[in-house]
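Here the structure comes first, spelled out in structure tokens, and everything after it is commentary.
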Amino acid sequence: MASGSASKISSSNWKRSRDKLRLLEELEDTWLPYLTPKDDEFYQQWQLKYPKLILREAGSVPEGLHKEVQEAFLALHKHGCLFRDLVRIQGKDLLTPVSRLLIGNPGCTYKYLNTRLFTVPWPVKGSDAKYNEAEIGAACQTFLKLNDYLQIETIQALEELAAKEKANIDTVPVCIGPDFPRVGMGSSFDGHDEVDRKSRAAYNLTLLNFMDPQKMPYLKEEPYFGMGKMAVSWHHDENLVDRSAVAVYNYSCEGPEEESEDDPQLEGRDPDVWHVGFKISWDIETPGLAIPLHQGDCYFMLDDLNATHQHCVLAGLPPRFSSTHRVAECSTGTLDYILQRCQLALQNVRDEADSGEVSLKSLEPAVLKQGEEIHNEVEFEWLRQFWFQGNRYKKCTDWWCQPMTQLEELWKKMEGATHAVLREVRREGAPVEQSSDILTAILAVLTTRQNLRREWHARCQSRIARTLPVDQKPECRPYWEKDDPSMPLPFDLTDTVAELRGLLLEAKP
Ligand SMILES: O=C(O)CCC(=O)C(=O)O
Ligand SMILES: [Fe+2]
């Protein structure tokens, strides 16, 4: 076991997060213990404390699938389809060391670290996606095939897990009688296990990762256990369906059989080999695990493992790809969803023969508020997120071009709608009570709009954003100048919001 020597945690690793800081403080100048396969207790601890973590070594995966998947990774890399994300963590803009690409169901998105990624579609039935290169299309098809394979493997692993849990229960003495409710056993005994297993393995997208450590000299050190350089820091995966699984295919581009002589004298994990690290959240008693990953190995995080544990990726020497298959929680994350929302907002707008002037059907405060909320949603969750990522999506496919144009048109109509609301509250002779109710309903939403516009504008101008190559430069879009005659309202709503505050005070003295 690698553990508790007097190794100092370097000061650069001290994070602003208070909880993390507290945990680190508790550690003082020691590292927590962790296990690798070299340790005698490794398999026992894995079985005992990490039973929902499953590893399938490369040998158990069909050879033909390995070849196809590995070629697909290389093709996407060759065509420059993977990008580092400019994410935002605790108000700071950071460029991920890992380059990524999201592939999945058409129109689906996945949000992580305040960044919404848009799928390059894989060719499910009925998909009419076009790809810039035949090889890109073939690669997407391959990841769909891998997805199907991992889904079947996941369901099987879930069945085995359920059988194991049941066996464990059956060995418990029956002193409480057969009808005693089996509390605390998770939801695998509630009667619709099979349906649950299927839906929790119904991966709808995969996030591909790539990093070449040779080209990334400034990787962070793992701060709790001293596991060495990290490609991905400790985290839970976000934005997933509750208790859904995650399946990962690992492609570390190792040379053939470069068996590093295992020196049993050396403590801890082999820094030349890629590993995935696991720890139990908020637990400093249970040793962490560092699982070595070789070319073609797959691992699975089942059931609530992702919620109860954190994981990280520990860099090895060679370049490495991974394909991480997930059940994204996309109830508010699909193109169909946001189009429906826009339609709902625009139901309050009267179709008019291109005079440009918008008129509203209802002045009901709740209706107006809903319209302004949807306006914010399409602007900040879709348009700005998309354009912030520059032109990267055009590298692979034009799938999102038409939808983004359409969403921008719908958004522009909503600018007209907001303008109409403002006209109403400013109108001389408008009923005071009504204006005051409208103002109360929309002021917070417009204040949010102003704040978020300022934040996105700054994010696009940040020093780190400027370092990106042209095709990836964040674009602040929509953006327009004060005197743009095609726009009914200014981009900067500072004065508008101040004016509305004043009006509200007047109306409600
Ligand atoms: O590459 C891996 O093995 C996992 C990466 C990961 O944790 C993530 O992308 O969320
Ligand atoms: Fe992850």
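Some values worked out for this structure:
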item	result
The listed residue being closer than 27 Å to LEU158 by Cβ and in contact with a strand residue (DSSP E or B) (Cβ under 8 Å, 6 or more places away or on another chain), out of PRO37, PRO62	PRO37
Flag for ALA345 being closer than 30 Å to LEU302 by Cα and either crowded, with 17+ Cβ neighbours inside 10 Å or in the same structural domain as LEU439 (by the TED database) (or both)	no
Residue list for the range 97-124, restricted to those being of a type in the set (S, T, N, Q) and either within 14 Å of LEU76 (Cβ to Cβ) or crowded, with 20+ Cβ neighbours inside 10 Å (or both)	SER99, THR109, THR119
First in the range 236-251 and at positive phi, second anywhere and near ligand 2 (Cβ under 9 Å from one of its atoms), Cβ under 7 Å, 6 or more apart	ASN239/TYR112
Among (1) buried (at least 17 other Cβ atoms within 10 Å of the Cβ); (2) outside the structural domain of LYS215 (by the TED database) - the single one SER322 does not satisfy	(2)
Residue check, PHE225 of a type in the set (Phe, Trp, Tyr), more than 14 Å from ligand 2 (Cβ to nearest atom) and either touching a residue at least 40 places away in the same chain (Cβ under 8 Å) or assigned to a loop (DSSP other than H, G, I, E, B) (or both)	yes
Residue list for the range 201-240, filter: closer than 20 Å to HIS309 by Cβ, of a type in the set (D, E, K, R) and either open to solvent by less than 30 Å² (accessible area, probe 1.4 Å) or not assigned by the TED database to the domain that holds ILE284 (or both)	GLU222, ASP237
Qualifying positions in the range 73-83 - out of contact with any Phe, Trp or Tyr (no Cβ under 8 Å at 6 or more places or on another chain) and in contact (Cβ under 8 Å) with a residue 24 or more places away in the chain	ALA75, LEU76, LYS78, HIS79, GLY80, CYS81, PHE83
Meets criteria (modelled with pLDDT under 90 and either among the charged types (D, E, K, R) or open to solvent by 80 Å² or more (accessible area, probe 1.4 Å) (or both)) for VAL195	no
In the range 38-56, the residues that are open to solvent by less than 50 Å² (accessible area, probe 1.4 Å) and farther than 16 Å from ASN168 by Cα	ASP39, PHE42, GLN45, TRP46, LEU53, ILE54, LEU55
Of residues in the range 55-79 being out of contact with any Ser or Thr (no Cβ under 7 Å at 6 or more places or on another chain) and of a type in the set (A, V, I, L, M, F, W, C), the one nearest to ASN250 (Cα to Cα)	ALA58
Search result, residues across the range 348-379 that are in contact with a Leu (Cβ under 9 Å, 6 or more places away or on another chain) and open to solvent by 80 Å² or more (accessible area, probe 1.4 Å)	ARG350
Scope the range 192-203; condition in contact with a helix residue (DSSP H, G or I) (Cβ under 9 Å, 6 or more places away or on another chain) and either within 14 Å of ligand 1 (Cβ to nearest atom) or part of a loop (DSSP other than H, G, I, E, B) (or both); matching residues	ARG200, ALA201, ALA202, TYR203
Scope the range 28-74; condition part of a helix (DSSP H, G or I), among the charged types (D, E, K, R) and under 30 Å from the mean Cα position of the chain (by Cα); matching residues	LYS49, LYS67, GLU68, GLU71
Cβ-Cβ under 8 Å pairs, at least 6 apart or on other chains, the range 388-406 side not assigned by the TED database to the domain that holds ALA134, far side of a type in the set (Gly, Ala, Ser)	LYS395/GLY80; THR397/ALA129; TRP399/ALA129; PRO403/GLY107
Output for the range 380-437, where each listed residue is polar (S, T, N, Q), surrounded by 15 or more Cβ atoms within 10 Å (Cβ to Cβ) and part of a helix (DSSP H, G or I)	GLN385, THR418, GLN434, SER435, SER436
Test: residue in the range 379-387 that is closer than 23 Å to PRO121 by Cα, of a type outside the set (Lys, Arg) and without any contact (Cβ under 8 Å) to a residue 60 or more places away in the chain	no
Complete set of residues in the range 241-250 that are more than 10 Å from ligand 1 (Cβ to nearest atom) and surrounded by 20 or more Cβ atoms within 10 Å (Cβ to Cβ)	SER244, ALA245, ALA247
Single condition HIS294 does not satisfy, out of (1) under 19 Å from the mean Cα position of the chain (by Cα); (2) within 16 Å of ligand 1 (Cβ to nearest atom)	(1)
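The values are calculated or read from the model by the stated rules, or taken from the named source; none is laboratory data. Every value quoted in this text rests on a predicted model; they were computed, and no experiment measured them. Reconstructed Cβ throughout: ideal geometry from the backbone, glycine too, with neighbour counts over all protein chains shown. Heads up: the accessible areas ignore ligands, DNA and RNA and are worked out on the full protein's heavy atoms, side chains in. Shrake-Rupley method; radii C 1.70, N 1.55, O 1.52, S 1.80 Å.
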